[in-house]
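We did not get these values from a lab; they are worked out from the coordinates using the rules stated. From a predicted model like this one, the values you see are computed outputs, not experimental measurements. As a convention, Cβ positions derive from the backbone with ideal geometry for all residues, glycine included, and neighbour counts pool all protein chains shown.
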Amino acid sequence: MGGAFTGLADDASAIFYNPAGLARQRGSLMLEHVPVSESGTGFAFGGGRLNFFGLGFPSRYGTFGFGFYQFAIGGIEARQQLSDTAQSLNVTQTAYFVPWGATYKGWQLGATAKAVSYSLAGYKATGYGADLGLKRAIYRGDTFLGRDTNIYAGAAVRNAMAPTLRLDQDSTPLERVTAFGLALVSYTRENYEAAADHVTHDRLALALDATKGNQDTSLGFAFGAEYAYLDRYAVRWGLNADRNMTIGMGAGGPNSVFRFDFTSVLAPLAPQHRMTVSWLFTAPQEAVEGSVKLSAYRRAMLDQQRLRDRFVKEGRDAAAEGRYGAALAAFEKARVLSPRDEEISSLILSGGEGNLLAGVKERIDAARREHAAGNGKLAATNALSAIVFDPESREAAEYAIQLRHAMILTKGPKAFDKTRDAVLEDLGKQFKAAAQARNIDSMRRVLPRLKAVDPDDSYSWQPTEEEFTALSATWLNEYLAAAAAASNAKDAAAMARAVRRVHRIDPTHKELKALYKRVRKLSKSAGSSFYDSNYLAQLYATAAAGYVLDNSETALQNLAALMRANATHEDGNALIDLMRSEGMISEEQEP
């Protein structure tokens, strides 16, 4: 990353760049090799080498480590005079590091004791010194880049206590280099693996360093960037003040045991290639988010997908076991979570057919068993429950007729007729309760059941049908008036509520088109949140999750906010209709 690592310092090379970065790291061993060549591809191993060995071991007293850094090259031609025969010289520079890093009140602090030795043409010298470093997270939270964005600031003084080397006569202290760095790390994309119920993220890292020495190193800057797919497969790029560009790649994530990295340094003279292997021998730390929470939008989307997959799986399992009612209920919950999912629509279609067939068959079979056992009342109860379950089932209607005729030939139809009257009475009570709650959908469900239970006796169901017609007309006029009043008041949510009720009673009403147009116009002027698709998606997903988990309060709160933001939201209005139809909310609670 162009050498921009002071603020990031999140692997064993922190021993060199910033020892404070060792704190909070896993125990690791890093081996790096750089073949050095003055020309060509840089892969030649004979021209020279730069090796690094780094070890970090965390403990309750901080992270201790050991490092070894060596540059060696041979075959250097040397002469005292130009006319002399050239001699071959070797140069070796070696540094030994003993670092320590720990945390204190949010700060990461580090110090390194080191020994530096130099060997040139038989002259040798060793000096001792120390490095200092610190690092701190200065921001943590969700940003437009992604969740759990961290910004770190770091500082390091290499050779804070400078080693002094004396090869011949003069002693020379090594240059003291001060570096300041900023680093940003963010999880930019979530990937939910449904099979494992596990979430992974892509990782973006940006780093900027500024360095200044007290001898020859002028103020310079370095910049680097890394993008890691699933936080495991990384590509890197960097540029420093010497105009050396780095391009690299790596494999291995935060939970990996081994990591492999390769970097090319595109230097002006010849490229260099760094090859690194790391072994992480301690377990990764548990992820601690502290006060940072998954953003509301991302959390809602993740919960929505998890619940959708859960109910699809439950539905498939139930269908495989022949429990079609449970399967259909699970699929319908999945559809609420993902209304436009074609797979779920197909599952509901097949599940609905299977549920009707299996439900009718189960009840008729029970009626046959009871009739064979001489239990006429229970036989009639099961036969009539098959009709109530599916009023359009010809099989259920025909069996009820057969059962009544069979009972006439034995004990008489009294038990059957008495049971039928009880069923009619119960359906009548259901209709009255639905009418009192103004639940038009529930009223509609009762009417065909009344007719199917006693199709030949219109006196048993005709008054109910007439009451339905009268109430529908009264409510329709009331809702149309409410829509007009809300339109005049420019209340988008109230108008949407009234129009939704009109649609429930008469989906083909001639005024609906104009009413919808007016609601859309009002909703667009309701506020900027109308244009925030993520916000709307978050509200609906949270409301849908509340519905499927039987938390009507959560569903209502988010649906109310959704209607205020966009009163024409199709899925939101459909969910309100569904909750009203199922009696989860009253008309007074309707957003």
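Comparing Gly27, Phe97, Gly110 along the charge dipole axis of the chain, the residue lying farthest to the positive side is Gly110, per the Cβ-charge model. Taking amide H atoms as placed 1.01 Å from N in the peptide plane, the amide H of Ala241 lies under 5 Å from those of Phe221, each 5 or more residues away in sequence or on another chain.
State to the nearest 20 debye the size of the charge dipole of the chain about its Cα centre, where the only charges are +1 on K and R beta carbons and -1 on D and E beta carbons.
For the chain, the charge dipole is close to 740 debye.
Listed by chain and number, the aspartates and glutamates whose alpha-carbon sits under 17 Å from that of Lys510, ignoring those within fewer than 8 places in the same chain, are Glu478.
Using 1/(1 + (r/R0)^6) with R0 = 41 angstrom and r between the beta carbons of Glu587 and Thr410, what's the FRET efficiency to the nearest 0.05?
Computed FRET efficiency for Glu587 and Thr410 comes out at 0.25.
Taking 8 Å as the Cα distance limit and 6 or more residues as the minimum spacing, I'd like the relative contact order of region 482-591 as a percentage. In percent, rounded to a whole number, it is 25. Within the straight-line cut-off of under 25 Å between alpha carbons, the lysines reachable from Lys513 are Lys490, Lys521, Lys524, sequence neighbours fewer than 8 places apart in one chain being disregarded. Of the listed values (i) -0.50, -1.37; (ii) -0.36, -1.32; (iii) -0.57, -1.29, identify the label whose number matches log10 I(q)/I(0) by the Debye sum over Cα atoms at q = 0.06, 0.13 Å⁻¹ calculated from this model. Looking at log10 I(q)/I(0) by the Debye sum over Cα atoms at q = 0.06, 0.13 Å⁻¹ for this model, the match is (iii). 3J(HN,Hα) couplings calculated from phi for region 585-591 with the Karplus curve 6.51 cos²θ - 1.76 cosθ + 1.60 (θ = phi - 60°) are, in sequence order, 9, 8, 4, 5, 7, 5, x Hz; Gly and Pro show x. Nearest 0.05, what FRET efficiency do Ala433 and Glu392 give at R0 = 30 Å with Cβ-Cβ as r? Once the sixth-power term is evaluated, E becomes 0.80. Axis angle, to the nearest 10 degrees, between helix 376-389 and the longest C-alpha principal axis of the chain: 60 degrees.
In terms of the mean number of neighbouring beta-carbon atoms within 10 Å, the peptides 365-376, 224-235 order highest first as 224-235, 365-376.
Here Lys429 is the anchor, and the lysines within straight C-alpha reach of less than 19 Å, apart from those fewer than 8 places off in the same chain, are Lys418, Lys451. Let me know the number of lysine pairs in region 14-280 closer than 21 Å at the Cα, not counting same-chain pairs under 8 apart. Qualifying lysine pairs in region 14-280: 5.
Summary value for the chain: 9 percent relative contact order, contacts being C-alpha pairs under 8 angstrom separated by 6+ residues. In order along region 12-26, phi translates into HN-Hα couplings of 5, 5, 4, 3, 8, 7, 6, x, 5, x, 5, 4, 6, 8, 6 Hz, rounded to whole numbers, per the Karplus curve 6.51 cos²θ - 1.76 cosθ + 1.60 with θ = phi - 60° and x for Gly and Pro. Ranking of Trp237, Trp100 by neighbouring Cβ atoms within 10 Å, starting from the fewest: Trp237, Trp100. The stretch between Leu120 and Gln215 holds 32.0 nm of extra length on full extension. This uses 0.36 nm per residue minus the Cα-Cα distance.
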